[in-house]
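**Q** The structure follows.
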Amino acid sequence: MISVNNIHLSFGGFELFKGISFQLTGGERVGLVGKNGAGKTTLLRLIAGEMQATQGSIAIPNDVQLGYLPQHMKLASGQSVLDEARLAFTEIIAIKRETEKIAKLIASRTDYESREYLELINKLAELNDRYAIVDGDSADARAEQTLIGLGFKRSDFNRQTSEFSGGWRMRIELAKILLQNPQVLLLDEPTNHLDIESIQWLEDYLKAYNGSLILISHDRAFLDNVTHRTLEISLGKIYDYRVPYSQYVELRQERREQQLAAYRNQQKLIEDTQEFIERFRYKATKAVQVQSRIKMLERMELVEVDEEDTSKLNIRFPEAPRSGDVVVEARQVAKSFGQKLIFSDVTFTIERGQKVAFVGRNGEGKTTMSRIIVGELDYDGHLKIGHNVSVGYFAQNQDELLDGNLTVLETIDRVATGDIRTRMRDILGAFLFRGEDVDKRVSVLSGGERNRLALTKLMLQPYNLLVLDEPTNHLDMRSKDVLKNALKAFNGTLILVSHDRDFLNGLVDRIYEFTNGSVKEHIGGIYDFLHRKKMDSLKELEVKQAEQKLSKADGVASDQKKFWEERKEIEKLIRKAEGQAQKLELEITKTELEIKNIDQKLVEPTLHGIDLNNKNFFQNYESLKTKLNILFDQWEQALTQVEELKVKRNALN
């Protein structure tokens, strides 16, 4: 289906890809992995046609449709959420327009026996058949189901897209891509802006998806559950493993050990060969052997060891100054945005040295509470920050707040003060910004590199309270592990917003669950919390919260499948009734013309050869009038049925 052939890509003097090749066949699910900056996003852009390789080719059949979701994209505005999602149905929209156009032409014509009239009728029939094949009747239902699966409420459907944050608007773009049902999906970190309920929905969707998939993700469970093949980009080359991610990790370790063994053996061979050359370089009797070994060294292809394993991300947060025993104290805190209540009567105390997690569905107030704690939002109630508490805050969109025109070094230079300025390069080096990397502009950095740079800024001051909102977004798995270890070693207080169960495990000792406008405290780690909830994962927790909240809010039945089947059946009945009304309109027009012709002939019966004593003639005339009355009655019934069905459909919303 897709063939990547000997791709080379260079930027200035740096070669990102060194002749990578692979094939993607129909129905394959591929996870694309590698360290931040290895070129994962660049490879997707090459396949999507947004970039051109320096050398090599990518072959994609003309009839293969790609659906590409980048990490960052221009987001559309000016329409409602549902109308924006409907734009995915380009073929259905085109069929509807063409059908309406032909129906108007048919209604205006009276040449029922002509060739042109029959061609219009046949074309209309073909369009209706194609409309049925693409399941046009259920388009709106599919759009609504997809939007709900991605976390939207029905009350959101008529809101303007501009009213939503960038993360939610990315969900709309994802919905449009999924609704197009392309043969190949290219998804670059699709879970970054999703809560766990939506991640589970997307996971289930992709499991049932019939096309091919190339997925970039740093979510271990998501990769394991969705993909069955792993492509790793390392040192400009690509390594193909026909296994899911967890098995790839094991096989990669074996490859790594083989690579190191080959490297050591080669280095020993080079050392011995060079020693031989130096020892016998000037002996005439050994000239042939010396030249042979020199040529062997020149032809030798050097074994490279993965850069990821020879560089070390060495993060250590500065020693935290001692704060008071109580770091954050909340009493009956409430927050609303306009008429929308986020939470109320929130009461908790966070003490010095505690590491706590805020968990729950998106929109329940985790980020809102974080912003209240750091002083970015006003609120009702009482919240006190303890004595001598200095707060370091990592916002969920921290990487987007960086100035793209600045270099890495300039970004740090603008916020560093005092003695810390003498250690700027050392701090950047700890975050893998070394040598010429510090002169890169922020605009060319990958998402993971931007997050690392934003985390670097937290190193410039010894905070004793860190409030981190989704700090692992865009970070590769190794970087997440290193950050986790650094936070475990941090001797201050930590408030962490995250949906990543593996990241939270062993790091936090207290859970604050945001659900249904309230906050509940759970003492212990993330698995203690899950055990008490009698659940296997946070996914189940959030699905249960979603079901409870949805039921309470609008009384929707828990059996969503039944709802959509009923909705789809109503849509089909509406389409059928509208089609019947359209046919009756054509028949009414035809019958009226026949009656009109007879009326004109009766004005001068002799001229038209009409025998006024012919009973059959008048019986036919009366039957046409009777038929017309019946047609009108049937037409009115069809229109009434359409209206009743539409009322029933709207009542479901």
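**Q** With every protein chain present, what is the per residue accessible area of the range 106-175 (1.4 Å probe, Å²)?
**A** Details: 3380 Å² over 70 residues.
Normalised by residue count, the accessible surface of the range 106-175 is 48 Å².
**Q** Kindly provide the trypsin sites (Lys or Arg not before Pro) of the range 1-106 that DSSP labels as loop, not H, G, I, E or B, and whose Cβ sees at most 10 other Cβ atoms within 10 Å. Before the final figure, lay out each step's value.
**A** Working: sites: K18, R29, K35, K40, R45, K74, R86, K96, R97, K101, K104; in loops: K35, K74.
In loop regions of the range 1-106 (DSSP not H, G, I, E or B), the sparsely surrounded trypsin sites (Lys or Arg not before Pro) are K74.
**Q** Can you tell me the equivalent ellipsoid semi-axes for the range 111-261? Use √(5λ) from the Cα gyration tensor, largest first, whole Å.
**A** Each semi-axis is √(5λ); the values are 43, 23, 12 Å.
**Q** For Cα pairs less than 8 Å apart in space and 6+ apart in sequence, what is the mean separation divided by the residue count of the range 1-104, i.e. the relative contact order in percent?
**A** Details: 89 pairs, mean separation 28.9, N = 104.
Relative contact order for the range 1-104 comes out at 28 percent.
**Q** Just read off the accessible area of T273 with the full protein assembly in place, 1.4 Å probe, to the nearest 10 Å².
**A** Spelled out: T273, probe radius 1.4 Å, area about 10 Å².
**Q** What's the carbon and sulfur percent of the range 340-488's accessible surface, probe 1.4 angstrom, rounded to a whole number?
**A** Values: 2570 of 6230 Å².
Answer for the range 340-488 is 41 percent, counting heavy atoms of protein chains only.
**Q** So, one more: When ligands, DNA and RNA are left out and all protein chains stay put, how many square angstrom of accessible area per residue does the range 217-305 have with a 1.4 Å probe? Write out the running numbers ahead of the final one.
**A** Details: 5610 Å² over 89 residues.
In whole numbers, the range 217-305 has 63 Å² accessible per residue.
**Q** Additional query: Helix-only mean residue ellipticity at 222 nm, the chain, DSSP H runs n ≥ 4 weighted -39,500 (n - 2.57), per residue, nearest 500. What is it?
**A** Numbers: 21 runs with 306 residues, N = 653.
One gets -15000 deg cm²/dmol as the mean residue ellipticity at 222 nm.
**Q** Of K74/K153; K590/K627; K101/K648; K440/K484; K101/K123; K335/K520, which ones are farther than 18 Å apart at the Cα?
**A** Numbers: K74/K153 23 Å; K590/K627 11 Å; K101/K648 28 Å; K440/K484 27 Å; K101/K123 11 Å; K335/K520 16 Å.
Over 18 Å Cα-Cα: K74/K153; K101/K648; K440/K484.
**Q** Round to the nearest 10 and report in Å² the accessible area of Y393, as given by a 1.4 Å probe over the protein chains' heavy atoms.
**A** 50 Å²
**Q** So if R0 is 45 Å, what FRET efficiency would F617 and K583 give, r being the distance between their Cβ atoms, rounded to the nearest 0.05?
**A** Details: r = 28 Å, r/R0 = 0.62.
Given R0 = 45 Å and the Cβ-Cβ separation, E is 0.95.
**Q** Excluding residues on the same chain fewer than 8 positions from K340, give the aspartates and glutamates whose Cα lies under 19 Å from its Cα.
**A** List returned: D156, E163, E364, E376, D378, D380, D554.
**Q** Give the accessible surface of the range 420-503 per residue, rounded to a whole number of Å², with probe radius 1.4 Å and ligands, DNA and RNA excluded.
**A** Working: 2900 Å² over 84 residues.
Value returned for the range 420-503: 35 Å² of accessible area per residue.
**Q** Give the relative contact order (percent, whole number) for the chain; include only Cα pairs under 8 Å separated by 6+ residues. Each step should come with its number before you reach the end.
**A** Working: 966 pairs, mean separation 88.1, N = 653.
With pairs under 8 Å counted, the relative contact order is 13 percent.
**Q** To the nearest 10 Å², what's H382's accessible area with a 1.4 Å probe?
**A** 90 Å²
**Q** Once you mark the GluC sites (Glu not before Pro) that are in a DSSP loop and have at most 16 other Cβ atoms within 10 Å, what is the longest gap between them in the chain?
**A** 377-653
**Q** So, one more: Reachable aspartates and glutamates from K283, Cα under 12 Å, same-chain residues fewer than 8 places away excluded?
**A** In chain and number order, there are no partners.
**Q** Enumerate by residue number the trypsin sites (Lys or Arg not before Pro) in the range 149-228 meeting two conditions: DSSP loop (anything except H, G, I, E, B), and at most 16 other Cβ atoms within 10 Å of the site's Cβ.
**A** Numbers: sites: K153, R154, R159, R169, R171, K176, K207, R220; in loops: K153, R159.
Within the range 149-228, the qualifying trypsin sites (Lys or Arg not before Pro) (loop, at most 16 other Cβ atoms within 10 Å) are K153, R159.
**Q** While we're here: Enumerate the amide H contacts of I342 below 5 Å, restricted to partners 5 or more residues apart or on another chain; note that Pro and chain-start residues carry no placed amide H.
**A** Amide H neighbours of I342, under 5 Å, 5+ apart: K335, S336, F337.
**Q** Modelling each spin label as a point 7 Å along the Cα-to-Cβ direction, I'd like the E376/A208 distance in nm, to one decimal.
**A** So the label points at E376 and A208 sit 3.7 nm apart.
**Q** Something else now. Using alpha-carbon pairs under 8 Å, 6+ residues apart, how would you state the relative contact order of the range 328-398 in percent? The partial results should precede the final answer.
**A** Values: 82 pairs, mean separation 27.1, N = 71.
With pairs under 8 Å counted, the relative contact order is 38 percent.
The values are calculated or read from the model by the stated rules, or taken from the named source; none is laboratory data. Predicted model, so just to flag it, every value in this text is computed and none were measured. Because the Cβ atoms are built from the backbone with ideal geometry, glycine has one as well, and the counts that use them run over all protein chains shown. Heads up: the accessible areas ignore ligands, DNA and RNA and are worked out on the full protein's heavy atoms, side chains in. Shrake-Rupley method; radii C 1.70, N 1.55, O 1.52, S 1.80 Å.
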